Amino acid sequence: MEIKAYLRNAGVGCQKARILADLVRGKDVNEAIRILTFMPQKPAAMLKKLIESAVANAEQKKVVDVDNLYVKHVSVDMGASLSRFRPRAQGRATPIRRKSSHFNLVLDER
């Protein structure tokens, strides 16, 4: 049985998060958490917390064995961008885009 968890509008760019998503795809849950614990990037903490949340959802449902879970699918999609302007030299203004992303996670039992 598949266990799903989502994180919407995370304050990190999707390209940076996809690098970490590729690392944990297909791994056991315990191994994925262990990998993400020691990664210095900001999305690692978000993805680790999302995996732990999905495991807690599985424990709450009591339909699967938590020890046999693995990361079946993880994807990071682009969210909305917050656009602001920063003053620059000679009276110009340049746009600053604060990007966000959506995490989709599916755990399944082996």
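Read the figures in this text as sums done on the coordinates, not as results from a lab. The shown structure was predicted, so the numbers you read here are calculated from the model rather than taken from an experiment. Reconstructed Cβ throughout: ideal geometry from the backbone, glycine too, with neighbour counts over all protein chains shown.
Summary table
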| read-out | value |
| --- | --- |
| Selected residue [surrounded by 15 or more Cβ atoms within 10 Å (Cβ to Cβ), in contact (Cβ under 8 Å) with a residue 40 or more places away in the chain and in contact with a Leu (Cβ under 7 Å, 6 or more places away or on another chain)] from Leu20, Leu36, Leu7 | Leu7 |
| Subset of the stretch 71-98 [out of contact with any Lys or Arg (no Cβ under 9 Å at 6 or more places or on another chain) and of a type in the set (Lys, Arg)] | Arg86, Arg88, Arg92 |
| Contacts under 6 angstrom Cβ, first residue in the stretch 40-59 being free of Cβ contacts under 8 Å to residues at least 12 places away in the same chain, partner of a type outside the set (S, T, N, Q) and surrounded by 14 or more Cβ atoms within 10 Å (Cβ to Cβ), 6 or more apart | Glu59/Val66 |
| In the stretch 86-110, the residues that are in contact with a helix residue (DSSP H, G or I) (Cβ under 6 Å, 6 or more places away or on another chain) and either surrounded by 12 or more Cβ atoms within 10 Å (Cβ to Cβ) or aromatic (Phe, Trp, Tyr) (or both) | Ser101, Phe103, Leu105, Leu107, Glu109 |
| The one condition in (1) more than 21 Å from the chain's Cα centre (by Cα); (2) surrounded by 12 or more Cβ atoms within 10 Å (Cβ to Cβ); (3) of a type in the set (Ser, Thr, Tyr) that Ser83 fails to fulfil | (2) |
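Every residue, every condition in (1) of a type in the set (Ser, Thr, Tyr); (2) within 20 Å of Gln15 (Cα to Cα), yes or no:
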| residue | (1), (2) |
| --- | --- |
| Ser53 | yes, no |
| Ala56 | no, no |
| Val66 | no, no |
| Val71 | no, yes |
| Thr94 | yes, no |
| Leu105 | no, yes |
